[in-house]
1. With n ≥ 4 as the cut-off for DSSP H runs, can you work out [θ] at 222 nm for the chain, using -39500 (n - 2.57) per run divided by the number of residues, rounded to the nearest 500?
2. So how compact is segment 159-231: Cα radius of gyration and Dmax in angstrom?
3. Can you tell me the equivalent ellipsoid semi-axes for the chain? Use √(5λ) from the Cα gyration tensor, largest first, whole Å.
4. For segment 128-262, compute Rh as the Kirkwood radius over C-alpha pairs and then the Stokes-Einstein diffusion coefficient at 20 °C and 1.002 mPa s; write the answer in µm²/s, rounded to an integer.
5. Arrange the following residues from fewest to most other Cβ atoms within 10 Å of their Cβ: LYS46, LYS210.
6. Return the FRET efficiency for the residue pair THR16, PHE123: r is the Cβ-Cβ distance, R0 is 30 Å, and the value is rounded to the nearest 0.05.
7. Given 0.36 nm per residue, what is the gain on full extension from VAL257 to ASP140 after removing their alpha carbon distance, in nm?
8. Just want the ordering: LEU229, LEU262, from fewest to most Cβ atoms lying within 10 Å of their own Cβ.
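Read the figures in this text as sums done on the coordinates, not as results from a lab. Quantities reported herein were computed from a predicted structural model and do not represent experimental measurements. Neighbour counts are summed over all protein chains in view; Cβ atoms, including those assigned to glycine, are modelled from backbone coordinates with ideal geometry.
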Amino acid sequence: MGSFSALRVHRNAEGTVRAGLEALTLDDLAPGEVVIRSHYSSVNYKDALAATGKGKILRRFPLVAGVDVAGEVMSSADAGFHEGDRVLVTGCGLGESHDGGFSQVVRVPADWVVPLPEGLSLFAAMALGTAGFTAALAIDRLEQNGLAPGRGPVVVTGASGGVGSIAIDLLSGRGYEVVALSRRPATTDYLQSLGAADVLDPKTVTASDKPLETARWAGAIDNVGGESLAWLTRTVQPWGSIASIGLAGGGELHTTVMPFILRGVS
Ligand SMILES: NC(=O)c1ccc[n+]([C@@H]2O[C@H](COP(=O)([O-])OP(=O)(O)OC[C@H]3O[C@@H](n4cnc5c(N)ncnc54)[C@H](OP(=O)(O)O)[C@@H]3O)[C@@H](O)[C@H]2O)c1
């Protein structure tokens, strides 16, 4: 195999991070049994943090970025995969500690590789991407905790983002009444087109110093952390649950034990 193009991230001695397209060969990539011809990857929140150096995402340098990939197997030293198999990889350290998906050729350990599920194209797999996978995992976890469409509305914070927007789409498709929390009024039409019944502005709802407020939500998906997550703890219904996914608004959390001991929030 000749050279191929990849987006690789470097850090110099002063700690400055820079990313750019480079011609690499297979020997430049981290080891693995399966070599994949990449068709699509997705641009994830983590990729932006990694390629700009704004977050401590990469565990080594230089490293090819990209936390996911969908493509066709070119060769496999593992008997479980064969040339031409359509596969995807998401997470597992891809684009964090192992050369990632922003490359025409990707090499990974065989146990990270997932056969492309029936009914999903390579494009659709990455249009959903790791953000979509995360949204689906959050809903699955809430449903394991007892969430069901008849139990009441579900609120999604950071609604216009990658995880939030797909969560709204998935929840409304499953029959939930969904309320979106977004700082951007301009996204209201978009969020309603995905299935949000209502769109709230965090500025108008999250500020309060009470330990509990009117119980509204049967469940919540939180991408923001900080004040938004604290507000959710105060407003989730008895026995409701919150899937805490992200910290786009901050890693701190100021709340009390009241929602947990008086309302059984989990
Ligand atoms: N993407 C993934 O696969 C994944 C996986 C696991 C965890 N996470 C975490 O989940 C969070 C969201 O990821 P994402 O991919 O959805 O990111 P994203 O596409 O950047 O969306 C984040 C959303 O959060 C809101 N937001 C951003 N900055 C904010 C701030 N300072 N204060 C309040 N709200 C803010 C915005 O929504 P509005 O403008 O609508 O308010 C924004 O669209 C991140 O913390 C990420 O680390 C993501």
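1. For the chain, the value works out to -7500 deg cm²/dmol.
2. Cα only, segment 159-231: 12.1, 35 Å (Rg, Dmax).
3. 38, 21, 16
4. Calculated translational D: 148 µm²/s.
5. Final ranking by Cβ density, sparse to dense: LYS210, LYS46.
6. FRET efficiency, THR16 to PHE123: 0.30.
7. Residue separation times 0.36 nm, minus the Cα-Cα distance, leaves 39.6 nm.
8. In increasing order of surrounding Cβ atoms, one gets LEU262, LEU229.
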